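So the structure is just underneath, and the comments pick up after that.
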Amino acid sequence: MLKFENVSKYYPDAGDVLLNVSFYLKHGEMAFVTGHSGAGKSTLLKLIAIIERCSRGQIWLDGQNLNQAKERQIPFLRRKVGLIFQDYKLLQDRTVFDNIALPLVIAGYGHPEIARRVRASLDKVGLLGKEKKYPPSLSGGEQQRVGIARAVVNKPPMILADEPTGNLDPELSAEIMLLFEQFQQVGVTVLIASHDILLVTKMNRRVLKLDHGQLVAS
Amino acid sequence: MRQIKKTPARQEVRQTQTSGGDFVDKLHAYRDLHAHALFSSLGRLAASKFTSIMTITVLAIAISLASGFYLLVANLQQLTGNLETSNRISLFLKDNVSAAKASKFADSIRKKADVQEVKLITKDQALKEFQTYSGFGSAINALEKNPLPIVLEVIPQNILEDRQEFENLLENFRQEPDVDFAQMDMQWVKRLQSFMDMARRGGMLLSVLLGVGVLFITGNTIRLELYNRREEVVIAKLVGATNAFIRRPFLYSGFWIGFFSGVAAWFIVTIMMLILRQSVEKLSELYDGAFHMLFLSFTETLAMLFISSLLSISGSWIVVSFQLQQLKPE
């Protein structure tokens, strides 16, 4: 599903943020990326979502070499990856329904299909009945669930989460992790960046450990 | 309103580039997307009333300047158009030439092959005409003697086709002993026409400049809107929006701005013309009422709306495309 081959990312002002990173994620695998802050976790996820391009090496996503992706192909590649953020990145002035529907609207679905899928997605994250609410009226945990619902509504083969529980208490974090496990069980590849060692250990999954841009354990 | 039956969605294929139900459903979705962009951009325009009104006013003034100038030229052109037929030669006879002699002279000219028609205007007729149209009626009455000469108006044969012949004819008349002064009416018509030509070109240049202004003013307004909504744009990009998808609502915003500016410009021009009409018609009466003021016609109004909308859409397109190049997620 995802393959990194000697990937390096160099920033002129920060030097090598990632150095010779190689790993392989199977279809339907769930893994964590850990490391101290600044170890390159976020950069690694950004490379997969083509928010950044790598300086050296090769990345394959679902059989496609991301280095060769042209600018106009990027939107379509991003639709294969559901992104989840620490700060949720929800549109505050849109309802929960509209927030979750956005990827479907972008992909050009008709309204009946959108309504059906949004409800299915809300059901999965346990927020059915909240579609008319606005994000500010929801708790942090609920907002992150909306973010997750938006990430999975288009049924992407892969989910990327950058510190998804960074703003949540342990109990809520555990619930969110449970959700990710459920997605993995239906065949979605899940990659989560987190520095919460306790939580990661508890999950007992594959861990890619980064230290100063280098992969020290996988 | 959409009654498209979905094909049984058994095959939950992984969604890629070609995803999104069947073709008809996609078509409907595309139409909905445009309809939504059309009305939501209108809504946003209404939400930021103050900015919208300011922008639209500035644009309307620019557009009305261009179309007002166009209308002015069109009106003057209509005026000179009436004059174009008056390619005649006026012969002002010497003061000592009697009416009988003048009439004989007119007959002799009439016999010339290159003359189409000769009209004799006696001193009395000339005075009467002058009194009627010049507005100096009472002043003329105070004169003891009629100061006006006898005039022969000569309309030459096919004069526009051969200028040289025309000049020759004119020269011949000048040689005649009874003729005090021979004048070609064409000359000042020609001068006026070249002046009009200049005005038209000037108007064109002005319109191009103002058009560029419209482009930039809309562009700047859209740039501000894009800045205010950049969070939304970034999120849309992160969930796979194409540049076309992001651009669409802004193009509709541009369309509305241009369209409303065109409408406002129409009102400005029409109101200005209505204010001017009274005095123009008074002037027209003095000139035999041959002149009727031209307003913007239906086609011209449509053209104005079309051009202003198109310019605004172009301005938005340029700005949004340029900014999207700069704007990367994060």
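A few comments on the model shown:
- Two-site FRET efficiency, A:Arg119 against B:Leu294, from Cβ-Cβ distance with R₀ of 60 Å, rounded to 0.05: 0.50
- If R0 is 56 Å, the Cβ-Cβ spacing of B:Phe92 and B:Phe306 corresponds to a FRET efficiency of close to 0.60.
- Surface accessible to a 1.4 Å probe, B:Phe216 within the full protein complex, Å²: 140
- Taking only alpha carbon atoms, region B:88-184 gives an Rg to Rh ratio of 1.02, where Rh is the Kirkwood radius.
- 222 nm mean residue ellipticity, helices alone, for chain A (DSSP H n ≥ 4; -39,500 (n - 2.57); rounded to 500): -10500 deg cm²/dmol
- A protection proxy built from the mean count of other Cβ atoms within 10 Å ranks the segments A:120-127, B:272-279, most packed first, as A:120-127, B:272-279.
- Summing both sides, the accessible surface hidden between A and B at a 1.4 Å probe radius is close to 2800 Å².
- Counting only other chain Cβ atoms within 10 Å of each residue's Cβ, the peptide B:227-239 averages 5.
- Those aspartates and glutamates that a straight Cα-Cα span of less than 17 Å connects to A:Lys132, excepting residues fewer than 8 apart in one chain: A:Asp93, A:Asp98, A:Asp123, A:Glu142
- Inter-chain shielding of A:75-82 (mean C-beta neighbours from other protein chains, 10 Å cut-off): 6
- Among B:232-241, B:25-34, the peptide with the highest mean count of other Cβ atoms within 10 Å heads the list, and the full ranking is B:232-241, B:25-34.
- Percent antiparallel among DSSP beta bridges (both partners in region A:2-217, rounded to 5): 50
- Inverse mean reciprocal Cα-Cα distance (Kirkwood Rh) of the protein assembly as shown, Å: 30.3
- With both labels modelled 7 Å from their Cα along Cα-to-Cβ, the A:Ser137 to A:Arg56 distance reads 5.4 nm.
- Pair B:Gln77, B:Gln175: separation of 7 Å Cα→Cβ label points (nm): 4.2
- Going by accessible surface with a 1.4 Å probe and the largest first, A:His111, A:His36 read A:His111, A:His36.
- Values of log10 I(q)/I(0), in the order q = 0.20, 0.23 Å⁻¹, for region A:144-218 under a Debye, Cα-only, solvent-free model: -0.92, -1.17
- In this simple spin-label approximation, B:Leu283 and B:Phe322 carry label points 7 Å from Cα along the Cα→Cβ vector, and these lie 4.2 nm apart.
- Shielding by partners - mean other protein chain Cβ count within 10 Å, residues of A:108-118: 6
- B:Phe267/B:Ala47 FRET efficiency (R0 25 Å; Cβ-Cβ; nearest 0.05): 0.60
- Pairs of Lys residues in region B:88-184 are counted when their Cα atoms are under 17 angstrom apart and they lie 8 or more places apart or on different chains; the count is 14.
- Expressed to the nearest 5 percent, the antiparallel share of DSSP beta bridges inside the protein assembly as shown is 65 percent.
- Partners of A:Lys26 within straight-line reach, counting lysines whose Cα lies under 29 Å from its Cα and excluding those fewer than 8 residues away in the same chain: A:Lys3, A:Lys9, A:Lys41, A:Lys46, A:Lys70, A:Lys80, A:Lys89, A:Lys124, A:Lys155, A:Lys202, A:Lys209, B:Lys237.
- Solvent-accessible area, 1.4 Å probe, carbon plus sulfur percent, for the protein assembly as shown: 59
The values are calculated or read from the model by the stated rules, or taken from the named source; none is laboratory data. Note that the coordinates shown come from a computational prediction; the quantities given were computed from them, not determined experimentally. Cβ sites come from the backbone with ideal geometry, for glycine too, and all protein chains shown count toward neighbours. SASA here: full protein model, heavy atoms, side chains in, ligands and nucleic acids out. Shrake-Rupley method; radii C 1.70, N 1.55, O 1.52, S 1.80 Å.
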